[in-house]
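The values are calculated or read from the model by the stated rules, or taken from the named source; none is laboratory data. This is a predicted model, so every value here is computed, not measured. All Cβ positions, even for glycine, are placed from backbone atoms using ideal geometry, and neighbour counts span all protein chains on display.
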There are 2 protein chains.
Amino acid sequence: MASQLESAMESLIRVFHNYSCQEGDKYKLSNVELKSLLQNELGDFLGSKDPLLVEKIMNDLDKDHDGEVDFKEFVILVATLTVACNDSNMLCRGIGEGM
Amino acid sequence: MASQLESAMESLIRVFHNYSCQEGDKYKLSNVELKSLLQNELGDFLGSKDPLLVEKIMNDLDKDHDGEVDFKEFVILVATLTVACNDSNMLCRGIGEGM
C-alpha cells in the first residue's frame, strides 16, 4: 500500500495528466488547460479576481517559452505554493514557539 | 472541500511535520527524523539497500549545511522524485506516442 507521501506524489502526476491530455500535446498544459486546472484545483487557494493571473502564472512557469507548461514546470509551481502555504501556517502557529 | 491537488499539498505539509516534531527543532528534520521519514514514507520508492543512502540524501538536501532539512529543502526532494517518477511513467507509455 502506498504511503501518504507516495499517494500525494501520485496525485500530483494524476492531476497534471487529467488536464494536459485534453488538447494538443498530451504531456504539456496549454494556456486553456492551465487555466482550467488553476480554477478547478486551486480555485480556493488562489481565489484571485485578477483576470490576468493565469497569464502571469503561465509566464512565470513557462521557463522554456514554448507557450506550454510541462510537468517539471508544473511541479515547481506546486512546490512554491506548498512552501508558501507551510510558511503562512507556521506564522499562524507562532514560528518562534519551537526554536 | 479541498481539491485533489490541494489535498496532495496538505499531505506534503502534514507528512513533513509528523516527522519534524519528533526531536530538536520542530520545523526541521534531523538526520534521525529524515531517515525515519524516508524508510516509512518512501521505503518502496527508494527501496535501496544502500546504508549510506540517507547520508547522501541529507547532504544533497541540506543546502544551508546546518545538518538539518527544512521544509523547502524537503519539498525540493519530493519534487525531484515526483518528476523522476513521471518521466519513468512516460517512458513506460512510449513518450513518442503523443508528440
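Computed values, structure above
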{"read-out": "Number of the exception - B:VAL54 against (1) surrounded by 15 or more Cβ atoms within 10 Å (Cβ to Cβ); (2) facing chain A (nearest Cβ under 7 Å)", "value": "(2)"}
{"read-out": "Residue list for the range B:21-39, filter: under 13 Å from the mean Cα position of the chain (by Cα) and part of a helix (DSSP H, G or I)", "value": "B:GLU33, B:LEU34, B:LYS35, B:SER36, B:LEU37, B:LEU38, B:GLN39"}
{"read-out": "Scope the range B:1-36; condition surrounded by 20 or more Cβ atoms within 10 Å (Cβ to Cβ) and either more than 8 Å from chain A (Cβ to nearest Cβ) or on the phi > 0 side of the Ramachandran plot (or both); matching residues", "value": "B:TYR19, B:SER20, B:LYS28, B:LEU29, B:GLU33, B:LEU34"}
{"read-out": "Residues within the range B:64-99 that are modelled with pLDDT of 75 or more and more than 9 Å from chain A (Cβ to nearest Cβ), tallied", "value": "12"}
{"read-out": "Residue count, the range B:1-20 (criterion: without any contact (Cβ under 8 Å) to a residue 40 or more places away in the chain, under 12 Å from the mean Cα position of the chain (by Cα) and more than 25 Å from B:LEU52 (Cβ to Cβ))", "value": "1"}
{"read-out": "Any hit, the range A:40-49, residues being part of a helix (DSSP H, G or I) and modelled with pLDDT of 90 or more", "value": "yes"}
{"read-out": "Residue that is in contact (Cβ under 8 Å) with a residue 60 or more places away in the chain and of a type outside the set (Lys, Arg), where the choices are A:VAL78, A:VAL32", "value": "A:VAL78"}
